[in-house]
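Contents: one structure, followed by commentary.
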Amino acid sequence: MKFFIDTANLDQIREANELGILDGVTTNPSLMAKEGIKGKEAVMQHYKTICEMVDGPVSAEVLGTTYDEIIAEGKELVKIHKNIVVKVPMIKDGIKAIKWFTDNDIQTNCTLVFSAGQALLAAKAGATYVSPFIGRIDDSSWDGVQLIEQIVGLYNAQGFMTEVLAASIRNPLHIVRCAEAGADVCTCPLPSIMGLLKHPLTDIGLAQFLNDAKSMQ
Ligand code: E4P
């Protein structure tokens, strides 16, 4: 399973990248706004900076909701860097646009996916990635990881090449469960990645080893 970081914060991207386990980055308009980025120029520059930091796919989301707007924005986004993936919402015009991007060799990430039916349509249109939002599903008392399992099963049964990108990750256990469910990619906030490192017995064991090592000096 590939690890993407789900943020537009450059310090967090740098920290995850320095771990050596980072395969890519996802952003969305809310994450970009959180960084205080304002104006088209600044947004484009921010994507460029991220692409120069991480050698892997960087999802940049369109803001338009009509077919023409999505295509025009996507064409501009992919000019920024070869690793840009155009992130398109799961709406009717979004599916039409994904098909156009597929036919023109432009990578896409179909976002805001909450059902297997939506994932089926995204794959039919040729999306490179499909992003089911598992945390938001859990928030409404459904099981987000179960949706990952269902989509992975569906894609395997039908031979679709679209990669299942588990999004809206809330904690380290989500990451582990998505890996078990066969997700191709998990896009995670930095604290969830760092949470994978933690176990109290590791800390206790290391303290003991370091203490005992002193007796050998
Ligand atoms: C990533 O592609 C999604 O936009 C993101 O994971 C959504 O996460 P949230 O539900 O925490 O906002």
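Residue pairs whose Cβ atoms lie under 6 Å apart, sitting 6 or more positions apart in sequence or on different chains, and linking a residue in the range 5-27 that is among the hydroxyl-bearing types (Ser, Thr, Tyr) to a partner that is away from the ligand (no atom under 16 Å from the Cβ), do not occur here. Among the residues making up the range 103-121, those that are of a type outside the set (A, V, I, L, M) and either in contact with a strand residue (DSSP E or B) (Cβ under 7 Å, 6 or more places away or on another chain) or within 20 Å of residue 134 (Cβ to Cβ) (or both) are 107, 108, 109, 110, 111, 114, 115, 117, 118. Against the test of being modelled with pLDDT of 95 or more and either touching a helix residue (DSSP H, G or I) at 6+ places or on another chain (Cβ under 9 Å) or assigned to a loop (DSSP other than H, G, I, E, B) (or both), the options 164, 176 yield a single qualifying residue, 164. Within the range 28-51, being surrounded by 15 or more Cβ atoms within 10 Å (Cβ to Cβ) and free of Cβ contacts under 8 Å to residues at least 12 places away in the same chain holds for one residue alone: 43. Only one of the listed residues (95, 134, 106) is within 16 Å of the ligand (Cβ to nearest atom) and either surrounded by fewer than 16 Cβ atoms within 10 Å (Cβ to Cβ) or not acidic (Asp, Glu) (or both). That residue is 134.
Taking the range 189-217 as the range and being within 12 Å of the ligand (Cβ to nearest atom) and touching a helix residue (DSSP H, G or I) at 6+ places or on another chain (Cβ under 6 Å) as the test, only 192 passes. In the range 142-165, the condition of being in contact (Cβ under 8 Å) with a residue 60 or more places away in the chain, under 27 Å from residue 32 (Cα atoms), within 16 Å of the ligand (Cβ to nearest atom) and hydrophobic (A, V, I, L, M, F, W, C) is met by at least one residue.
Per-residue answers, yes or no, for (1) in contact with an Asp or Glu (Cβ under 9 Å, 6 or more places away or on another chain); (2) in a helix (DSSP H, G or I):
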position: 3; (1), (2): yes, no
position: 8; (1), (2): yes, no
position: 16; (1), (2): no, yes
position: 21; (1), (2): no, no
position: 37; (1), (2): no, no
position: 44; (1), (2): yes, yes
position: 52; (1), (2): no, yes
position: 75; (1), (2): no, yes
position: 78; (1), (2): no, yes
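The values are calculated or read from the model by the stated rules, or taken from the named source; none is laboratory data. Note that the coordinates shown come from a computational prediction; the quantities given were computed from them, not determined experimentally. Note that we place each Cβ from the backbone using ideal geometry, even for glycine, and neighbour counts take in every protein chain shown.
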